[in-house]
1. Going by the structure shown, is Q249 out of contact with any Gly (no Cβ under 6 Å at 6 or more places or on another chain), at negative phi and crowded, with 21+ Cβ neighbours inside 10 Å?
2. I'd like the full set of residues that are at positive phi and touching a Pro at 6+ places or on another chain (Cβ under 6 Å), limited to the range 26-51.
3. A182: among the small types (G, A, S), in a helix (DSSP H, G or I) and farther than 16 Å from F39 by Cβ, yes or no?
4. Check off (1) assigned to a helix (DSSP H, G or I); (2) over 24 Å from S17 (Cα atoms); (3) of a type in the set (V, I, T) for V112 and give me the number that stays unchecked.
5. Between a first residue in the range 1-19 that is farther than 23 Å from G32 by Cβ and a second residue that is in a strand (DSSP E or B), which pairs have beta carbons less than 7 Å apart while being 6 or more apart in sequence or on different chains?
6. Which residue out of A36, A81, A90, A49 is small (G, A, S), under 18 Å from the mean Cα position of the chain (by Cα) and assigned by TED's automatic domain parsing to the domain that holds F128?
7. Checking the conditions here, which among H206, H234 is in a helix (DSSP H, G or I) and over 20 Å from E278 (Cβ atoms)?
Amino acid sequence: MIETLTRLDDLRTRVASWKREGLRVGFVPTMGNLHAGHFSLVELARRLAQRVVVSVFVNPTQFGPGEDFDRYPRTPEADAAGLAAAGADAVWMPALDTMYPHGASAAVQVRVPGITGVLEGEHRPGHFDGVATVVARLLNQVQPDVAVFGRKDYQQLAVIRYLVRDLAMPVRIEAGATLREADGLAMSSRNQYLTPDQRPVAAEIHRTLAWMRQATQAGTPTADVEADARRQLHDAGFDVDYAVLRTPQLEVPGDAAGPRVALIAARLGATRLIDNLEFDVQSAQAVPGPRRAGAGP
């Protein structure tokens, strides 16, 4: 049976007892309203450790003005039941004043330079400061041996890896694969905001990512791929924040072969969706023409 912990002393006592037994501790941080994608991260953590802690905390410091903090779904009972079925041993549900004893506005902040100023950081100023701050606190509270994060938030994963490496935190960061619906839409708590008419359109993000991969591997110049991707998404009804190709370090790629990641952030109505697709570029081939929005990958 899963144990629900709300006091920091109780969390640290439980983790310390496991470590005294020589057990490896895994950790999965979440904001709750869990779905199969989250549970797959728990299952990965279970394969990497003998005990697994999952946090459920809706972090106010990573939401900007006008974002959905107040309406972000809170489902603690369902979350605990799902986590128990997925193999978690404990769920850490801290109150706001446990996470931020001096209040969120007076909290010590953690800022990762460089990679936080582009893409998501450009469109959501301060977002990654909130992410880095809460993740640093969670890792300090839980003190796991390994922590698991999803690949869907690609830039967030890069920020956390930088944070852990730069501060010499004694934790291994592992990435879990993005789980998708049958039509390719990445699983996300925000998908439930989509209307019935918007839901099938949302899958165009993954189709566009697949086309970006195909076009890039065929030798289409980066600028053309990005422009066509933005056009396809716009024609499908999205308000596009970005549709770009980057290196794994989130730098603009050159002409050389190597790993790439296509990243998209776009709004469909009031719902903002993000996704990415990693792939390799080996050698240029024939260049495909632009794909119509809504066509297959």
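The values are calculated or read from the model by the stated rules, or taken from the named source; none is laboratory data. Everything numeric here is computed off the predicted structure, so don't read it as measured data. Cβ sites come from the backbone with ideal geometry, for glycine too, and all protein chains shown count toward neighbours.
1. no
2. Across the range 26-51, the qualifying residue is only N33.
3. no
4. V112 satisfies all of (1) assigned to a helix (DSSP H, G or I); (2) over 24 Å from S17 (Cα atoms); (3) of a type in the set (V, I, T) except (1).
5. Matching pairs, first to second residue: W18/V25; W18/R51; K19/V25.
6. The unique qualifying residue is A36.
7. H234
Results for (1) touching an Asp or Glu at 6+ places or on another chain (Cβ under 7 Å); (2) under 20 Å from P248 (Cβ atoms); (3) at pLDDT 95 or above; (4) among the small types (G, A, S), shown as yes or no for each residue.
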position	(1), (2), (3), (4)
G130	no, no, yes, yes
L138	no, no, yes, no
G150	no, yes, yes, yes
Y162	no, yes, yes, no
